[in-house]
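Notes follow once the structure below has been shown.
Readers should treat all values here as calculations from the given coordinates under stated rules, not as data from a laboratory. Just so it is clear, the structure is predicted and the values come from calculations on it, not from any experiment.
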Amino acid sequence: MAEGLLESKAGDRFDVFSAGTRPVGLNPNAVTAMSEVGIDISKHRSKSVDEFIGQQFDFIITVCDNAKESCPYFPGSAERIHHSFEDPAAESAEKRPEAFRRVRRELEDWLREFELEKRFTD
């Protein structure tokens with residue numbers, strides 16, 4: 001969801017990549033939650049950080065504590081930005097759709113709060 005939000009805000013100004021330390025596939029609840037705000041992530045795929053080893057990035061953004069701790073080293077002077085969000089997929093099946101909406105809203109708020117949108121779009 002973070003990839004989709006960043007792409008929608010500034011994807012024309014830079015490349016956005018998303019990967020996990022333990023990818024498990026694109027969650028349909030994430031697709032639905034994002035489509036509700038007009039962002040289509042249905043063509044995204046779950047990728048491992050291992051696919052990006054050796055590449056250089058300007059920013060490395062982690063959105064869970066596990067990723068922050070186990071994110072591999074990427075060369076260069078990338079600015080590291082971290083904020084931990086709950087994993088909405090960990091909720092019970094009946095609570096999962098709303099958990100994805102809540103995390104989507106939290107991601108949107110976090111981007112505004114820390115002026116990441118401004119940093120990436122100015």
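Which ³J(HN,Hα) values, rounded to whole Hz and listed in residue order, are derived for the stretch 82-93 from phi using the Karplus coefficients 6.51, -1.76 and 1.60 in 6.51 cos²θ - 1.76 cosθ + 1.60 with θ = phi - 60°, glycine and proline given as x? The phi angles translate into 9, 8, 8, 10, 5, 7, x, 5, 7, 6, 5, 3 Hz. Extension gain, R80 to D109: 0.36 nm times the residue separation minus the Cα-Cα distance gives 8.6 nm. The Kirkwood radius of the stretch 2-121, taken over pairs of alpha-carbon atoms, gives through the Stokes-Einstein law at 10 °C and 1.306 mPa s a diffusion coefficient of 106 µm² s⁻¹.
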